[in-house]
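Taking it in order: structure first as structure tokens, then the write-up.
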Amino acid sequence: MMHQEGIGLRARVGELTRNPNTKAIVVGVATVALAPVILPLVKPILKTTIKTGVTWYEKTKSTLAETAESLADIAAEAKAEVHAQTENKSLPNS
């Protein structure tokens with residue numbers, strides 16, 4: 001541990017700010033201290049953002065389901081056409 005008796009306040013603060021652990025602790029304490037003040041102010045914005053995200057998710061999910069159904073229908077039609085062509089080729093000419 002360093003001997004800090006001869007170091008002034010400004011030097012001590014400077015030394016602490018260079019330590020990444022100290023910065024993380026300060027940010028954590030400030031977040032905990034300010035959360036009760038800031039959260040009620042940003043709650044409507046957060047709520048609107050989350051609602052928008054949920055709405056987009058539901059619309060995207062629905063669109064993807066419709067697209068998958070359309071692709072399945074197209075694949076089934078193509079398969080039926082290939083099967084019909086194969087049947088026509090294998091039938092003897094009359």
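Scanning region 50-94 for residues that are of a type in the set (G, A, S) and open to solvent by 90 Å² or more (accessible area, probe 1.4 Å) returns a single hit, S94.
A search for C-beta distances below 9 Å between a residue of region 62-87 that is β-branched (V, I, T) and any residue that is at pLDDT below 95 and open to solvent by 100 Å² or more (accessible area, probe 1.4 Å), counting only pairs 6+ apart in sequence or on different chains, returns nothing. Would it be correct to say that E58 is of a type in the set (D, E, K, R), at pLDDT 95 or above and over 24 Å from the mean Cα position of the chain (by Cα)? Spelling it out, it is not the case that E58 is of a type in the set (D, E, K, R), at pLDDT 95 or above and over 24 Å from the mean Cα position of the chain (by Cα).
When V42, V32 are checked against the criterion of being open to solvent by less than 90 Å² (accessible area, probe 1.4 Å), part of a helix (DSSP H, G or I) and of a type in the set (V, I, T), a single residue qualifies: V42.
The values are calculated or read from the model by the stated rules, or taken from the named source; none is laboratory data. Everything numeric here is computed off the predicted structure, so don't read it as measured data. Reconstructed Cβ throughout: ideal geometry from the backbone, glycine too, with neighbour counts over all protein chains shown. Note: areas computed on protein heavy atoms with side chains; ligands, DNA, RNA excluded. Shrake-Rupley method; radii C 1.70, N 1.55, O 1.52, S 1.80 Å.
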